[in-house]
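Here is the structure we will look at.
The values are calculated or read from the model by the stated rules, or taken from the named source; none is laboratory data. Quick caveat, the model's predicted, so the values are computed rather than measured. A quick note on method: Cβ atoms are made from the backbone with ideal geometry, for glycine too, and the neighbour counts reach across all protein chains shown. When the accessible area is computed, the model is the full protein with side chains, heavy atoms only, and any ligands, DNA or RNA have been set aside. Shrake-Rupley method; radii C 1.70, N 1.55, O 1.52, S 1.80 Å.
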Amino acid sequence: MSDHTIHQGQCACGDVRYTCSSEPVSVMACHCRDCQYASGSAFATVAFFPAASCEMTGESKAYTVKGDAGLTINRHFCGNCGTPLYSVATEMPDLLFIKVGSLDKPSSVDLQGHMWCDSMVSWLKLNDGLAQLPGNPPL
Ligand SMILES: [Zn+2]
Ligand SMILES: [Zn+2]
């Protein structure tokens, strides 16, 4: 861990760890179907970090899906414990989409909005006053 570390995180078993030397560009709850599958929940909470500011320790596994917006999304997870860690789009290699739940301090970043609300589950009632985008944000 460098002394410039602002955020750090890991998978549940600790085989894969990472540090980030910048604040996230943005933090969004993603309600797309892929994030529902990948998180096993109603939505994924994702912090967008400049890839150059992040350093990974340990080997993650990955699988690739075509995202709802047509991007090629490589979803990285721990091969031992299965924790979803981050995704990176082949078309946008400069951004890592890190799962906020894997941060050592998930409360250290602030949620800024909801994306892919077109596929949000019907029983979820949002009352946080944040933006609710139908699809991807303009990045
Ligand atoms: Zn693990
Ligand atoms: Zn998503």
- Return a yes/no flag: does the stretch 108-127 have any residue that is among the hydroxyl-bearing types (S, T, Y), in a strand (DSSP E or B) and closer than 15 Å to A38 by Cβ. no
- Item | Test set (1) away from ligand 1 (no atom under 16 Å from the Cβ); (2) within 29 Å of T5 (Cα to Cα); (3) among the charged types (D, E, K, R); (4) not in a loop (DSSP other than H, G, I, E, B) - D34 fails condition number | (2)
- Message: So, L95, is that one open to solvent by less than 40 Å² (accessible area, probe 1.4 Å), more than 15 Å from D34 (Cβ to Cβ), among the aliphatic types (A, V, I, L, M) and modelled with pLDDT of 95 or more or not?
- Response: yes
- Query: Got a sec? Which of V109, V46 is more than 14 Å from ligand 2 (Cβ to nearest atom), crowded, with 18+ Cβ neighbours inside 10 Å and within 26 Å of L133 (Cβ to Cβ)?
  - Reply: V109
- Task: Output yes when any residue across the stretch 19-37 is in contact with an Asp or Glu (Cβ under 7 Å, 6 or more places away or on another chain), more than 18 Å from L111 (Cα to Cα) and not charged (D, E, K, R), and no when none is.
- Result: yes
- Query: Can you name every residue in the stretch 83-94 that is out of contact with any Lys or Arg (no Cβ under 9 Å at 6 or more places or on another chain) and in a loop (DSSP other than H, G, I, E, B)?
  - Reply: T90, E91
- Task: Looking for whichever is basic (K, R), at negative phi and in contact with a strand residue (DSSP E or B) (Cβ under 9 Å, 6 or more places away or on another chain) here; the options are K125, K61. Which one fits?
- Result: K61
- Of the residues S41, S87, which single one is crowded, with 16+ Cβ neighbours inside 10 Å, polar (S, T, N, Q), within 16 Å of ligand 2 (Cβ to nearest atom) and under 30 Å from S122 (Cβ atoms)? S87
